[in-house]
Amino acid sequence: MAVTTEESTVGTLLRAWRTARGKSQLAVALEAGISSRHLSFVETGRSSPSREMVLTLAETLEVPLRERNALLTAAGFAAVYRETPLDAPVMTDVREALSHILRASEPNPTLVVNRRYDLLMANDAAQRFTSFFVPDWRGGPNIIRMLLAPDGLRPYVQNWHEIASDVVHRTRNELASSQTRDETDEALLRDLVTAEAELRRDGRPARTPSILVSMKMRKGDVALDLFTTITTLGTPLDITLQELRIETLFPADARAREALLRIVGSEMQ
């Protein structure tokens, strides 16, 4: 989904989201409880939607909260969803809950990241895991940049092209579809576009579909096959909370579990 600033009317934004979701005007209209004619008029600018209509269509199209604010602004209404820093006092209970999840995930390395994969929190296993592979990393707390950098995780991921292609494509699409990118978003997006071009030039064929893609890592005599799970918070009404991802690395087999425990410490068993 790509809409330029000049095109960013509420109608064009709604049409872009509908197209991105692969839904017809009729399907969206039926789900939203309006006529397809009304929706067509909204998308073409012949009709101005009410605030409630914008929110209804955004809910129907499963638009992220950050982008719902952009829709409201484009329609001439005030944004309704707040973005509260994770370190704000009001987030104390959230941080405690996340800390509990991180502790309970030991000895599996677990990270809390935002939509850009900036590292926000990590358990002890994750810190030891990172210190083992990239003890001298100075590239900042962004997991994607750590994965892509030649002096980061890249030399130790044996199926790097496969893993990087998936992460870069997914994150680039999410950032590119946003109408509210800031300078930090733009900088990462430029890096992702560059990385995607490099991956395409590599010319490797698309991977064979699989029910599980593991990340194969090796450093010295330590070999690990890991798979990841990503957990999100249910029904959040704050942008920060909706964009949080809790990513956990699990050993794919008993051999990998033994190797992982060598890295993070056997006392965590």
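The values are calculated or read from the model by the stated rules, or taken from the named source; none is laboratory data. Since we're looking at a predicted model, the values are computed, not measured. As a convention, Cβ positions derive from the backbone with ideal geometry for all residues, glycine included, and neighbour counts pool all protein chains shown.
Before moving on, here are some points about what is shown:
- Boolean, MET146 is more than 30 Å from LEU13 (Cα to Cα), part of a strand (DSSP E or B) and without any contact (Cβ under 8 Å) to a residue 60 or more places away in the chain: no
- Candidate set: segment 94-126, residues that are without any contact (Cβ under 8 Å) to a residue 40 or more places away in the chain and over 21 Å from the mean Cα position of the chain (by Cα); chosen: the one surrounded by the most Cβ atoms within 10 Å (Cβ to Cβ): ARG103
- Residue match in segment 62-79 (condition: aromatic (Phe, Trp, Tyr), part of a helix (DSSP H, G or I) and at pLDDT 95 or above): no
- Verdict on VAL94 being of a type in the set (A, V, I, L, M), out of contact with any strand residue (DSSP E or B) (no Cβ under 9 Å at 6 or more places or on another chain) and over 30 Å from SER131 (Cα atoms): no
- Restricting the first member to segment 31-53 and to residues that are within 19 Å of ARG68 (Cβ to Cβ) and surrounded by fewer than 16 Cβ atoms within 10 Å (Cβ to Cβ), and the second to residues that are modelled with pLDDT of 95 or more and of a type in the set (Val, Ile, Thr), the beta-carbon pairs closer than 7 Å and six or more apart or on different chains are GLU31/THR60.
- Residues of segment 127-141 that turn out to be in contact with a Lys or Arg (Cβ under 7 Å, 6 or more places away or on another chain) and either free of Cβ contacts under 8 Å to residues at least 24 places away in the same chain or under 15 Å from GLU243 (Cβ atoms) (or both), as a count: 1
- Under the condition of being assigned to a loop (DSSP other than H, G, I, E, B) and of a type outside the set (D, E, K, R), the residues counted in segment 167-188 number 4.
- All positions within segment 93-123 that are in a helix (DSSP H, G or I) and either farther than 18 Å from GLU83 by Cβ or not β-branched (Val, Ile, Thr) (or both): ASP93, ARG95, GLU96, ALA97, LEU98, SER99, HIS100, ILE101, LEU102, ARG103, ALA104
- Selection count where residues are β-branched (Val, Ile, Thr) and outside any helix (DSSP H, G or I), scope segment 32-52: 1
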